[in-house]
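The block underneath contains the structure these notes are about, expressed in structure tokens.
The numbers here are math on the coordinates, done by the rules we state, and not lab data. The structure presented is a predicted model; accordingly, all values stated were derived computationally and were not measured. Counting neighbours? That spans all protein chains shown, and the Cβs are built from the backbone with ideal geometry, glycine included.
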Amino acid sequence: MRRWLLVIVVLALALWAGWTYELRRTVYSSQEPLTLTVEPGTSVRRIGQQLHQMGLVRHPDLFRALVLVRGTGGRLKAGEYALSGRVTLEGIASKLARGDVVRRVVTFPEGSDLEAMAQQAATQGIAPAAFLEAARNASLVADLDPAARDLEGYLFPDTYDVTRRPDAAAVLVRRMVQRFRDVITPELPAIKAGGSGVREVVTLASVVELETALPAERPRVAAVFRNRLRKGIPLATDPTIIYALRKAGRWDGNIRRPDLDIDSPYNTYRRAGLPPGPIASPGRESLEAALHPAETGDLYFVSRNDGSHHFSRTFAEHQQAVTYYQRRRGAPPPGAPATAPSPSPRSLPRPGGP
């Protein structure tokens, strides 16, 4: 009896030693990452088969047994995992239980429209079509903008981390909308008090965003547009023409005079008032400028060809500024520097016409 007991103990110790060895032995060692992709709903058995096919475990059920003993089977997270350095089976199980997935970062610049955002998302493996499909889910902002038909303007431009998963586009879009809400919610009382709607504010902010890259100018640009709206003067802003051309599939990087006559609700040269909706995603400063424009009577502005603009209250002064800055002729308008800057290499003239 004692002999059998001794045999059982020895066998148990041997099994325990073998089990411990399998858990802690190095199954992969390299600084070059090995990728393990776990799809949502993948069973523990299937993960073990994947590891076996990758040459990381001797038998597919070994990983399953490990997870069963640890009691972590229901906590393994789907996603993409990078295995590098000294990798053990125990380490793989811990990584999956923590959800230590590969995270990729994507940055959406301020002033990006949905098409541009889709292309940016593609740099981190999200299909543009999937992103655009997710961005058509206007129900995400229905309480803020019942008229929205998509999420143009409501995906806040910022830096986000994305993971490789089938619903990555939808997850990213929801996070971007939530980020927009985080920014706009404190301003909702001011929007309501000003008699505006969220759609009007975001639309104006999107135009301001694309009109100037200088944060200090944004409240003044917003004031020009507010003043024009109040007087019923068309905004006459090129970014809306560009947006109209893109929607018509006619944008080639240049605005030509005939383009100013394009038949589109976004043509703010031919139609008074704001365009029918946002034309891009504005950043925080442009949203604030749309809500709190500068107190000025300016109605016009023109590029100084150095990234800044000259603002005018009268059409006569504006024409003088256009001649001085764009044609390099005539006397400088009031407030202009002594020497006119050289013409900008930009192919597009900055807007702000009558």
* **Local net charge near P40, Cβ-Cβ under 9 Å (Lys/Arg +1, Asp/Glu -1)** => -1
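Cut-off is 10 Å between beta-carbons; in what order do F180, F108 appear when sorted fewest neighbours first?
Lowest count first: F108, F180.
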* Asked: If you rank K231, K95 by fewest surrounding Cβ atoms within 10 Å, what's the result?
  -> K231, K95
* For the residues S281, S264, what sequence is obtained by ranking on other C-beta atoms within 10 Å, fewest first? -> S264, S281
* **Relative intensity, log₁₀ I(q)/I(0), of region 142-261 from a Debye sum that treats every alpha carbon as a point, q = 0.10, 0.21, 0.23 Å⁻¹** => -0.41, -1.37, -1.42
